[in-house]
Amino acid sequence: SGPLVIQNEHLRAIFDPNTGLLQEIENLDLGLRLPVSQSFYWYNASTGDITHPQASGAYIFRPDKTKPFPLRHWVNTRLVKNALVQEVHQNFSAWCSQVVRLYPGQRHLELEWTVGPVPIRDGFGKEIISRFDSQLKTNGRFYTDSNGREILERRRDYRPTWDLNQTEPVAGNYYPVSSRIYITDGQVQLTVLTDRSQGGSSLRDGSLELMVHRRLLMDDNRGVGEALLEPGDGPGTGLVVRGRHLVLLDTVETAAAGHRLQAQREALAPQLVLASPGQDVPYSPG
Amino acid sequence: QGSSARLRQAMAVAQHHDAVSGTSKQHVANDYARQLAAGWEECQVLVSNALASLGSSKKDFVFCNQLNISVCPLSQTANHFQAILYNPLAWTITWTVRLPVGAWAYNVRDPSGQSVPSEVIDIPAKGSENSHPELIFPASAPPLGFSIYSVTRLSVRTPQFRDCCSPPMAQS
């Protein structure tokens, strides 16, 4: 069948009819279209090698290879559409799924991902990322925030304060993302808001990735004395983690207002409290 | 009597880099979570007292801390409940409320008694074939204030809405 499409007054998201993966985002207010795909990948955690015995662990992120493995090249999808929400449910594997969601009036695409328990029977520790790939000419630059306030420009394989001899092409380009990461070609900006701090990077022009989960088999010899194995609700089952990435597509001029206001709505989201009616007792303190 | 002191203490302990970045043994990480959960527990009493005082009526307030995995015993079993939305921002917000429920049709009324459009969609439960209904409705709350929505289950047998399932992707 044709491409899956979900949209509201402001945004349209198009999914590849063959793979079920995100294919394009369109900002209908600004007439902006960005072909962008998104999927999940995993890095094989290093257990140390001849160049360096350093393993990936609680303190250290060190993938064994620079190229992550895709979880899958296509997903099972399920479309939910009604007046109050449009969603595409994507099933990547038994331990990875995602709901791409649009509510009326919303100016961002909500990606609610659920990852885990990460399988380790193959003997590989895994570091799971969500990666967005586009054609934006970003010239080796990307931007991450520091505690939601200051935005810092990052340049691949470069440090502003010393001559970097890059020995870790992946980990050496990962930075802390407190609440947002974005890439831009100077006109168009693709921003991803996170609902918790994550590691993130842009390892190729037009690409942006965030690490959502890790499950490792070795200690990194930095003092913890334990692998980051995170047994879930029972020895060895592994944690299931659920979170959300909010994706905004804007011009460079309008992007800051968009992500700053949305990030504030997320950080100070309304508190929902329920009550069983009929138990009301008039109450006027003092 | 609620108090935020315990949460403040737990947050203070969690300033250690081990809590911020997860560089601790598992049992230490579990203890950070335990302290934060205990702190939040006491804050729920504080928030309930504040809502009772602001709303001039004591209610049996219920906090559902597992809405992110669609678990909320009250909304999943009650025929009638209230949803109170407190807005900490200094401007009015609109928000889509999602609640796991136990039936396929509900009537939602806003603070002025007007009906609010609502839908019930079925959400696939992780790792199992069965799914469960989730109520969705748009809500708004005033700056630094709250709104109370009233939710009533309708005795309608068949699901009001079944999602259209796209044909399964090519299995090749």
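Residues in region B:52-62: is at least one more than 9 Å from every other protein chain (Cβ to nearest Cβ) and charged (D, E, K, R)? Within region B:52-62 (the criterion being more than 9 Å from every other protein chain (Cβ to nearest Cβ) and charged (D, E, K, R)), the answer is no, since none of the residues qualifies.
Condition first: over 22 Å from residue A:40 (Cα atoms) and hydrophobic (A, V, I, L, M, F, W, C). Now tell me which residues in region A:1-28 satisfy that. Residues satisfying the conditions are A:11, A:28. Hey, among the residues in region B:117-132 that are at pLDDT 70 or above and not in a strand (DSSP E or B), which one's farthest from residue B:102 (Cα to Cα)? Filtering first and then ranking leaves B:117.
Looking across region A:61-80 at every residue that is more than 30 Å from residue A:3 (Cα to Cα) and surrounded by fewer than 19 Cβ atoms within 10 Å (Cβ to Cβ), the one that is nearest to the other protein chains (Cβ to nearest Cβ) is identified as A:64. Selection of region A:176-198 for residues being within 14 Å of the chain's Cα centre (by Cα) and surrounded by fewer than 20 Cβ atoms within 10 Å (Cβ to Cβ) yields A:176, A:178, A:195, A:196, A:197. Restrict the check to region A:179-198 and report whether at least one residue is under 19 Å from residue A:22 (Cβ atoms) and small (Gly, Ala, Ser). Scanning region A:179-198, I find no residue that is under 19 Å from residue A:22 (Cβ atoms) and small (Gly, Ala, Ser), so the answer is no. Among the residues making up region A:220-239, those that are surrounded by fewer than 19 Cβ atoms within 10 Å (Cβ to Cβ), in contact (Cβ under 8 Å) with a residue 60 or more places away in the chain and at the interface with another protein chain (Cβ under 10 Å from one of its Cβ atoms) are A:222, A:223, A:226.
When restricted to residues that are surrounded by 15 or more Cβ atoms within 10 Å (Cβ to Cβ) and either without any contact (Cβ under 8 Å) to a residue 12 or more places away in the chain or at the interface with chain A (Cβ under 7 Å from one of its Cβ atoms) (or both), region B:73-87 contains 10. The single condition among (1) under 24 Å from residue B:64 (Cβ atoms); (2) more than 8 Å from chain B (Cβ to nearest Cβ); (3) at pLDDT 95 or above; (4) surrounded by fewer than 21 Cβ atoms within 10 Å (Cβ to Cβ) that residue A:254 does not meet is (1). For region A:28-123, the strands (runs of 3 or more DSSP E) that sit wholly inside it and include 3 or more residues that are among the polar types (S, T, N, Q) and modelled with pLDDT of 95 or more are A:32-44, A:86-93.
The values are calculated or read from the model by the stated rules, or taken from the named source; none is laboratory data. Note that the structure is predicted; figures quoted are calculated from it, not measured. Note that we place each Cβ from the backbone using ideal geometry, even for glycine, and neighbour counts take in every protein chain shown.
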